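Comments concern the structure below.
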Amino acid sequence: MTTVDKQKMTEEEIKLYYITPAIVNGWENHIGMENKITDGRINVSGNITNRSSAKFADYVLYLNDGKPIAVVEAKSNKYPVSYGLQQAMEYAKMMDIPFAYSSNGDAFFEHDFLTGEEKRIELDKFPTQEELIARYYSETNDGKGMSDNEKKIVSQPYYSSQTTFPPRYYQRNAINRTVEAIARGQQRLLIVMATGTGKTYTAFQIVYRLLRSGLRKRVLYLADRNILVDQSILQDFAPLEKTIYKVNFSDKECLRKIVSHEVNFALYHQMVGQNDEENFRQIPKDYFDLIIVDECHRGSAKEDSNWRKVLEYFYDATQIGMTATPKESEKISNIDYFGEPVYIYSLKQGIEDGFLAPFKVINITTNIGEGWRPRKGQVDIEGNLIEDRIYNNRDYDYNIVIEDRIRAVAEEITEYLKSTDRMQKTIVFCASEEHAERMRIALNNLNKDLIKENSDYCVRITGSDVYGKSKLDYFISVSSKYPVIATTSELLSTGADCKMTKLIVLDKMIESMTTFKQIIGRGTRIREKEGKTHFVVMDFRNVTKLFADPEWDGPIEQDEGFQKGSTTTKNNRVIKEEGKYNVLRPVVNDKGCNVKIINRIVSVYNPDGKLLRQEDIIDYTRTNIKGEYASLSDFIKKWKDSDKKRTIEELFLEKGVDIKVLKKDQEMEDVDDFDFICYVAYGKKPLTRKERANNVKKRDFFSKYSSDAQEVLNILLDRYMNQGITDVEDIKVLSLSDFENIGKPAKIVKLFGGKSGYEAALKELEENIYEVEVV
């Protein structure tokens with residue numbers, strides 16, 4: 001084939017005839033083609049979501065199923081050999097791959113990340129599998145080569161089965177870096193992965209590979225909450241269930257069971273015991289050789305923590321800390337203890353890659369948000385004098401209870417759910433357990449129809465609520481409908497894997513960036529098949545100002561997340577203890593303070609926490625309409641000239657505006673699209689479809705047609721009134737049962753003299769429907 005012919009070939013043809021044969025010649029196994037690296041970011045535009053393009057690598061070459069060592073990017077022959085090298089290098093850096101190549105079918109160009117060297121390689125000289133693996137083994141560790149232990153762990157495959165999924169690229173990076181560092185002798189390791197990116201799955205694969213390679217034999221998995229332990233055992237660690245024991249020191253057989261299982265799960269509280277019994281000392285200090293510390297940011301590694309002694313007792317074991325938030329304070333206790341992270345995968349990167357859900361924020365302002373002052377001599381519902389000062393969002397449900405504010409918040413939540421989906425999983429974060437109970441009651445009373453169907457529609461799930469905690473598994477389940485709404489204070493801020501959460505309501509003050517990120521993390525899971533692509537944050541306390549903090553996606557200041565609590569008093573009225581409040585605070589009803597919602601602002605942020613847009617969805621729609629149609633008369637002309645009104649609907653979809661969804665949000669579903677657009681953009685009073693249909697019937701329009709043809713037009717007009725114009729425009733409508741008494745479509749169009757006559761009658765019907773006064 002001549003050079004000219006080669007330059008006319010597509011990239012796929014170059015791959016087929018030149019690049020693939022050159023690679024396959026020395027790589028019979030472990031070649032991946034069209035490797036999907038990311039899913040593509042989900043973009044929220046108006047009330048529409050869509051995905052950006054996913055990233056694909058043309059070829060990925062593997063040492064084994066779990067260890068990629070080369071990436072090849074192909075380009076058509078009209079480009080130079082090295083044209084795709086920077087793209088290949090980008091993918092290689094993402095996937096921790098040491099060798100990157102590009103090719104245009106003439107030759108290959110190589111970048112070696114281990115030595116920094118770049119060179120051209122002839123097409124028939126591409127490194128074989130044996131050659132490249134040998135180079136990798138010899139060049140790694142700054143040219144010192146790979147130890148036998150490293151080779152052993154590198155060659156150990158991942159756990160796989162028909163019911164498990166292969167690791168995503170960042171999970172594979174975290175696993176490989178960790179096990180290889182352990183093989184080199186590193187004893188303290190820290191893995192930082194954003195909430196929702198699969199830390200427990202990553203921990204399982206690390207444990208599995210270390211156990212099966214023989215580098216580690218006895219594992220202790222530490223967590224601070226039962227739900228974290230139980231979720232891990234039943235889900236990600238299920239393949240090892242026969243080798244797992246959940247430590248219970250009240251069991252007389254506990255020690256025997258510990259030594260008879262490879263993997264032991266334990267709670268810090270049980271390891272320490274009541275009254276500082278230090279149960280962990282019953283286990284020989286050199287027994288465990290690997291310890292996984294789950295959610296290690298929650299105080300386990302702090303020098304003054306009661307739990308630190310557990311880690312120090314098993315000092316000789318390799319210890320891996322896993323967290324989404326590595327930095328606790330200026331005294332960086334986690335990093336001081338575990339060392340710098342071996343791998344970081346941030347919330348920002350997760351959203352960019354399309355593995356985590358993006359979000360919109362609705363900031364809600366009440367008329368008392370910035371301040372409310374009681375009248376002179378005003379008393380609460382118990383008749384106690386209310387302290388004369390200005391109260392604001394920092395006080396409500398902390399220092400004073402404004403019952404009407406709770407009602408207003410509950411009404412706003414309910415109205416949002418009614419306008420979108422009343423069955424979407426919702427978490428309402430409240431100031432205290434008492435506040436969570438008041439909110440539950442208010443939401444129940446506003447949703448009595450659904451409560452009547454199932455009393456668990458809204459449930460309080462807090463640390464002291466036995467019934468609520470019994471419903472936690474049902475709330476976080478993808479398959480369980482109820483509970484739909486969970487009111488909480490602290491329990492759901494971390495740990496609970498709430499995959500289907502679509503609405504997060506913030507009605508508590510949050511100062512800690514860690515707590516804020518953990519709460520936002522409750523919504524970041526994506527369940528695309530089940531309709532979960534993004535989520536909404538509804539903020540009643542201006543908490544989302546933390547998105548503007550430079551540390552939104554960086555190391556953060558931490559306040560332990562769970563808060564052990566403190567006791568404070570003010571005029572003998574306020575007592576805070578263990579996150580709960582007694583009833584000594586003033587409680588004011590609606591007669592003492594009437595609360596109204598005065599503003600709603602919709603904000604869209606990028607993964608950096610930078611504000612992209614801040615606008616009401618109606619304003620966004622208005623802007624897009626006026627950008628397309630300069631004036632009302634311009635819009636009316638183009639609407640009437642359009643053969644298919646659906647094309648206008650599709651035009652707005654492309655701009656991120658779903659007219660149907662927006663009409664539902666505004667409770668205007670009975671209004672015609674035409675009227676809705678005129679109303680939103682140009683302030684014209686809308687007519688319902690029923691009003692427009694009745695106006696047509698008043699005119700002498702049908703009389704020129706035969707009685708059968710009139711019947712057809714009347715049916716079409718009724719369908720317009722009930723379904724809208726796009727339903728009428730489709731000729732398939734004539735096949736519906738509404739017309740079966742008249743005949744089949746072929747017979748119906750003959751009533752109008754043929755298809756062209758039918759289409760003319762339909763156009764005249766539309767002209768009558770959309771007859772408007774001169775503007």
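Every read-out reported here was derived from the displayed coordinates using simple, explicitly stated rules and does not represent laboratory data. The structure displayed is predicted, hence computed values, not measured ones. For neighbour counting, all protein chains shown are included, and Cβ atoms are generated from backbone atoms with ideal geometry for every residue, glycine included.
Note on segment 353-415: semi-axes of the ellipsoid equivalent to its C-alpha gyration tensor, largest first and rounded to whole Å, are 33, 13, 10.
Full extension of the chain between residue 746 and residue 727 yields a length gain of 5.0 nm, computed as 0.36 nm times the residue separation minus the alpha carbon distance.
Taking a quarter of the surface of the Cα convex hull of segment 690-769 gives a mean projected area of 4.6 nm². Can you tell me what percent of all Cα-Cα pairs in the chain are more than 48 Å apart? Tail fraction, whole percent: 36. Summary value for segment 150-345: 30 percent relative contact order, contacts being C-alpha pairs under 8 angstrom separated by 6+ residues. Approximating the spin labels as points 7 Å out from Cα along Cα→Cβ, the residue 117-to-residue 370 distance works out to 6.8 nm. What's the whole-number percent of alpha carbon pairs in segment 150-345 lying beyond 24 angstrom? So the pairs more than 24 Å apart make up 35 percent of the total in segment 150-345. Between the residues 367, 155, 467, the greatest Cα displacement towards the positive end of the dipole of the chain, with unit charges on the Cβ of Lys, Arg, Asp and Glu, is found for 467. If both residues of a DSSP beta bridge must be in the chain, then about 45% of such bridges are antiparallel. Based on C-alpha pairs under 8 angstrom that are at least 6 apart in sequence, segment 340-465 has a relative contact order of 15 percent. So, in Å, what gap is there between the alpha-carbon centers of segment 47-109 and segment 304-324? Measuring centre to centre over Cα atoms gives 40 Å. Shown for 33, 721: other C-beta atoms within 10 Å of each C-beta, ranked fewest to most, produce the order 33, 721. The lysine pair count for segment 432-510, using Cα distances under 20 Å and pairs eight or more places apart or on different chains, is 11. Evaluated on segment 343-494, the Kirkwood hydrodynamic radius is 17.5 Å, with distances taken between all distinct Cα atoms.
Over all orientations, segment 419-486 has a Cα convex hull whose mean projected area works out to 4.6 square nanometres. Against the compact-protein benchmark of 2.2 N^0.38 Å, the Cα-based radius of gyration of segment 216-286 scales to 1.06. When the charge dipole of the chain is built from unit charges on Cβ atoms (+1 for Lys and Arg, -1 for Asp and Glu) and taken about the Cα centre, the candidate among 306, 662, 113 whose Cα reaches farthest toward its positive end is 662.
How high is the relative contact order of the chain, in percent, with contacts defined as C-alpha pairs under 8 Å that are six or more residues apart?
With pairs under 8 Å counted, the relative contact order is 11 percent.
The H on the amide N of residue 145, modeled in the peptide plane, is under 5 Å from the matching H of 140, each at least 5 residues off or on a different chain.
Placing +1 on each Lys and Arg Cβ and -1 on each Asp and Glu Cβ, with no other charges, gives the chain a dipole about its Cα centre of roughly 1040 debye. Only helices reaching 27 angstrom along their own axis (Cα) with mean Kyte-Doolittle hydropathy no lower than 1.6 count here, and not one DSSP H run of the chain does.
Volume per residue, Å³, of the convex hull around the alpha-carbon atoms of segment 1-136?
122
Here the Karplus relation 6.51 cos²θ - 1.76 cosθ + 1.60, evaluated at θ = phi - 60°, turns the backbone of segment 249-254 into coupling constants of 5, 7, 7, 4, 8, 4 Hz, with x for every Gly and Pro. Here the gap between residue 419 and residue 277, fully extended at 0.36 nm per residue and compared with their Cα-Cα distance, gives a gain of 45.7 nm.
Between the amide H of residue 37 and those of 55, 56, 57, distances stay under 5 Å, these residues lying 5 or more places away or on another chain, with hydrogens modeled in the peptide plane.
The residue among 238, 82, 751 whose Cα reaches farthest toward the positive pole of the charge dipole of the chain, with charges on the beta-carbon of Lys, Arg, Asp and Glu, is 751. Placing R0 at 25 angstrom, the Cβ-Cβ distance between residue 596 and residue 661 gives a FRET efficiency of 0.40 after rounding to 0.05.
For the pair residue 33 and residue 389, a Förster radius of 60 Å applied to the C-beta separation gives a FRET efficiency near 0.30, rounded to the nearest 0.05.
A simple charge model with +1 on the Cβ of Lys and Arg, -1 on the Cβ of Asp and Glu and nothing else charged puts the dipole of segment 29-178 at about 600 debye relative to its Cα centre.
Rounded to 0.05, the FRET efficiency of the residue 257 and residue 188 pair, given R0 = 30 Å and the Cβ-Cβ distance, is 0.60. A Cβ-based charge dipole, computed about the Cα centre of segment 1-42 with Lys and Arg at +1 and Asp and Glu at -1, lands at about 120 debye. Fully extending the segment from residue 464 to residue 141, taken as 0.36 nm per residue of separation minus the present Cα-Cα distance, adds 111.1 nm.
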